[in-house]
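Right, one structure below, let's go through it.
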Amino acid sequence: MRIITLILASGAAALATAPAFGHDTNTNTNTNRAFAEVRQATAKYHNVDRALQDGYVRVSDCVEVPGVGAMGYHYLNRALAKDPAIDPRKPEQLLYAPKPGGGLRLVGVEYFKVDADQDSSTDDDRPTVAGIPLEGPMPGHGPGMPVHYDLHVWLWKHNPNGTFAQFNPNVNC
């Protein structure tokens, strides 16, 4: 299995000790209720074949930073990513981790929106999901990926760093 390792300019150790963006302490009852609805809407995607049927395609190898954690495999729904609106019940990406005996396990979702002006120094178009602002704008993580905003939500695999942290130390590639 091929693993993508991200090289961080500030170093993985700095990321591991940094506070998680949108950490659980910033959530409220309405946010918790909204993400309970997201769990209900995405439960069908525990079967990756259902995700494929609904237009999600794998767009990454398993993303992991040694000593920090992983994001897993990203499955993107291109139609949802192109839509400027965000429907919390229809995340643009699904996050899967490999199961020990083979196959994939749904561990989270990721909201993704292209930055309208492609200028990472402005953020007047920052989207939110259930009151949680997406991170960014940030440069693309690979060739052809635009400046964008994103937010990881660990709905299906506990993340000790927080529900909205980028990497989950409980996920392995």
- request: Give the number of residues within region 44-79 that are part of a helix (DSSP H, G or I) and buried (at least 20 other Cβ atoms within 10 Å of the Cβ).
  value: 2
message: Just to be sure before I move on: is residue 5 modelled with pLDDT of 95 or more, among the polar types (S, T, N, Q) and over 20 Å from residue 127 (Cα atoms) in the structure I sent?
response: no
- line: Going through region 82-107 in order, the residues found to be closer than 21 Å to residue 39 by Cβ, of a type in the set (Gly, Ala, Ser) and not in a strand (DSSP E or B) are 85, 103
field: Subset of region 121-161 (residues that are in a loop (DSSP other than H, G, I, E, B), touching a helix residue (DSSP H, G or I) at 6+ places or on another chain (Cβ under 7 Å) and at pLDDT below 95)
entry: 130, 131
query: Which one of the conditions (1) farther than 14 Å from residue 148 by Cα; (2) at pLDDT 95 or above does residue 110 fail to meet, given that it meets all the rest?
result: (1)
query: So, of the residues in region 81-100 that are among the aliphatic types (A, V, I, L, M) and more than 16 Å from residue 145 (Cβ to Cβ), which turns out to be surrounded by the fewest Cβ atoms within 10 Å (Cβ to Cβ)?
result: 85
query: Restricting attention to region 8-43, and to residues there that are more than 18 Å from the chain's Cα centre (by Cα) and not in a helix (DSSP H, G or I), which single residue is modelled with the highest pLDDT?
result: 28
- request: Answer yes or no as to whether residue 142 is exposed (fewer than 14 other Cβ atoms within 10 Å of the Cβ) and within 24 Å of residue 70 (Cβ to Cβ).
  value: yes
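The values are calculated or read from the model by the stated rules, or taken from the named source; none is laboratory data. Predicted, not measured: the structure shown is a model, and the values here were computed from it. Neighbour counts are summed over all protein chains in view; Cβ atoms, including those assigned to glycine, are modelled from backbone coordinates with ideal geometry.
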